[in-house]
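**Student:** What follows is a structure written as structure tokens; I'll ask about it next.
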Number of protein chains: 2
Amino acid sequence: MATIAKGRGNYDMTSSTKPRYQQLKEQIISRISSGDLRPLDRVPSEHELVGSTGVSRMTANRALRELTDEGYVERVAGVGTFVADLKAASDLLEVRNIADEIHMRGHEHRAAVIDLEARRVAPDVADLLHVSARSRVNHVFLVHFENDVPIQVEDRYVTIEFAKDFLAQDFQSVTPSAYLSMISPLQEAEHVVRAKVPGSRISRLLTMKANEPCLVVTRRTWVNARPVSFARLFHPGNRFELAGRYRPPGFARSHPQDSKLVELRNFDR
Amino acid sequence: MATIAKGRGNYDMTSSTKPRYQQLKEQIISRISSGDLRPLDRVPSEHELVGSTGVSRMTANRALRELTDEGYVERVAGVGTFVADLKAASDLLEVRNIADEIHMRGHEHRAAVIDLEARRVAPDVADLLHVSARSRVNHVFLVHFENDVPIQVEDRYVTIEFAKDFLAQDFQSVTPSAYLSMISPLQEAEHVVRAKVPGSRISRLLTMKANEPCLVVTRRTWVNARPVSFARLFHPGNRFELAGRYRPPGFARSHPQDSKLVELRNFDR
DNA sequence: TGCAAGAGGTTGTCTATACAGGTTATTTCA
DNA sequence: TGAAATAACCTGTATAGACAACCTCTTGCA
């Protein structure tokens, strides 16, 4: 009698088969992905979730705690839960924004846009972005400078439906990567690193000597299971390296986001 | 009165300031690191932990659940909790073992050991391994072949105290990386990727043309906060690439370990 | 002998409650 | 008016108890 009076004390009752903390997590993630909850916005407190969804506080706590571990939100004891800043979230996905890298070294970043238009692309690029071979795609081609020394050539394609106002951006001041993160948090990424001697155009833009190799990073990013951007990033091999660090979680939690960090480093000047 | 009778119902009682689930986790991790618990060994069940440590089952559950998320253990409902296979655990840390990569492609792997000895090393290497400049370090220098084509030159240094029987290993059949994982799960890793034209010795061993670039991966790994191994891996730039994929956790848990995977790929033959 | 039923252990989830400790805004008092 | 106490939040942790689902081994029956 007491068990029945409690309504649903057991767990597989609410129609779905998924656990309730998981439903809660997905509900909050979808509010973040849709833009309903924006970075630094306040997320409902555990107590509010108890009131609005009927779960117990421990269940709400588990949902929010796991979202914290996964980088979606940040929690401050005594204050509340907030959507994580995109910069922090995207560090996990993107090679760190090159402008930030440069500023972190105390140097000046500058970008020169060489091309910015919507155009039909080569079949292989169209295929990578899952668009038909004849449709248009946003394209930007630019050079990044660190203290007036060229350090990266960026050749990027972005689907039009994902970034409708792409061509109106000023990529001298905001890098394409930062702009994409601003539109929506990226959900999946694939990157490939190669060593390659670049063609003469790239070589000239990076003021490289003949036969000098490039570190080429090719990256594709997804939002909602659809590829939205494809980029080729060329770096002079004698001036740059790609560094990564990994610390398994749960051992020393002192640097919460320090693990799994990937960054570009200038090791020569 | 009831509160006192319960002994310690509150949480910051047991001398240490760390939460009890965290203490439990570290205790189990240290049993794994020390070799007391070996891969596939059974880990005490939640009930047993309740009995032996006095925590509640929910606390034991949280400890084991987080260890699962972090890749230390695997749990099977109705059966028990087991120390994760080292192969799975080290995928997070190490670039996937090159022999496994090759076998996964259905090709044959072979290694030719060129040098294997304990020797005094250059000051920079000694510094990286935190050993004094005059002490000896294990060293192995070998070439990995895929179907008799050389694809990686491995130049590795391992501290003697970590691997006392290093020189007795047969690195033709077990790669140094696999051997190190066998001794103890690695706890921290740092790697740097560069594009570089190799010296003539490396170039010759990899049967590369002049001026052809290498993808050079430099990796350092830690156990118990001490560096134990430092390796330089050279790959012919025209035959190899480093690929990574990242999917944020909690979204689609269908492929539990599929995120954060890094592998070497042969893209040419 | 062979198969079904059951017992007992294990993980997975959920609830209700409690206390500790942090932050912020309000209120009270000198 | 100014500063200290207080109230009202918040997160973090821990407990005890419950039900569900799963697995394995044993037991009992046909």
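**Student:** Run B:Val217 past the list (1) within 26 Å of A:Met208 (Cβ to Cβ); (2) assigned to a loop (DSSP other than H, G, I, E, B) and report the number of the one that doesn't hold.
**Tutor:** Failed condition: (2).
**Student:** What's the number of the only condition in (1) within 16 Å of DNA strand D (Cβ to nearest atom); (2) away from every other protein chain (no Cβ under 14 Å) that B:Arg65 fails to meet?
**Tutor:** (2)
**Student:** Within the bounds of region B:78-99, is there any residue that is touching a helix residue (DSSP H, G or I) at 6+ places or on another chain (Cβ under 8 Å), within 16 Å of DNA strand D (Cβ to nearest atom), touching a residue at least 12 places away in the same chain (Cβ under 8 Å) and within 29 Å of B:Ile29 (Cα to Cα)?
**Tutor:** yes
**Student:** Sort out which residues of region B:202-214 are more than 29 Å from the chain's Cα centre (by Cα) and either more than 10 Å from every other protein chain (Cβ to nearest Cβ) or among the small types (Gly, Ala, Ser) (or both), and write them in order of number. Step through it out loud before you land on a result.
**Tutor:** Let us first name the residues in region B:202-214 that are more than 29 Å from the chain's Cα centre (by Cα), namely B:204, B:207-212.
Correct list: B:Arg204, B:Thr207, B:Met208, B:Lys209, B:Ala210.
**Student:** Next question. Just wondering, is there one or more residues in region B:171-188 that are among the polar types (S, T, N, Q), under 19 Å from B:Ser33 (Cβ atoms) and away from every other protein chain (no Cβ under 14 Å)? Write out each step before concluding.
**Tutor:** Filtering region B:171-188 for residues among the polar types (S, T, N, Q) gives B:172-173, B:175, B:177, B:181, B:184, B:187.
Narrowing the set further to residues that are under 19 Å from B:Ser33 (Cβ atoms) leaves B:177, B:181, B:184, B:187.
When the remaining residues are screened for being away from every other protein chain (no Cβ under 14 Å), the result is B:177.
So far as region B:171-188 goes, yes, one or more of its residues are among the polar types (S, T, N, Q), under 19 Å from B:Ser33 (Cβ atoms) and away from every other protein chain (no Cβ under 14 Å).
**Student:** Restricting to region A:128-155, name every residue that is in contact with a Phe, Trp or Tyr (Cβ under 8 Å, 6 or more places away or on another chain) and either of a type outside the set (Val, Ile, Thr) or exposed (fewer than 15 other Cβ atoms within 10 Å of the Cβ) (or both). Don't jump to the end; show me each part of the working.
**Tutor:** Narrowing region A:128-155 to residues in contact with a Phe, Trp or Tyr (Cβ under 8 Å, 6 or more places away or on another chain): A:128-129, A:137-140, A:142, A:151-155.
Scanning region A:128-155 gives A:Leu128, A:Leu129, A:Asn138, A:His139, A:Leu142, A:Gln152, A:Glu154, A:Asp155.
Each row is one residue, and each column tells you yes or no for (1) closer than 21 Å to B:Glu190 by Cα; (2) modelled with pLDDT under 85.
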site	(1), (2)
A:Val192	yes, yes
A:Leu215	yes, no
A:Phe230	no, no
A:Pro236	no, no
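The values are calculated or read from the model by the stated rules, or taken from the named source; none is laboratory data. Computed from a predicted structure; not experimentally measured. A quick note on method: Cβ atoms are made from the backbone with ideal geometry, for glycine too, and the neighbour counts reach across all protein chains shown.
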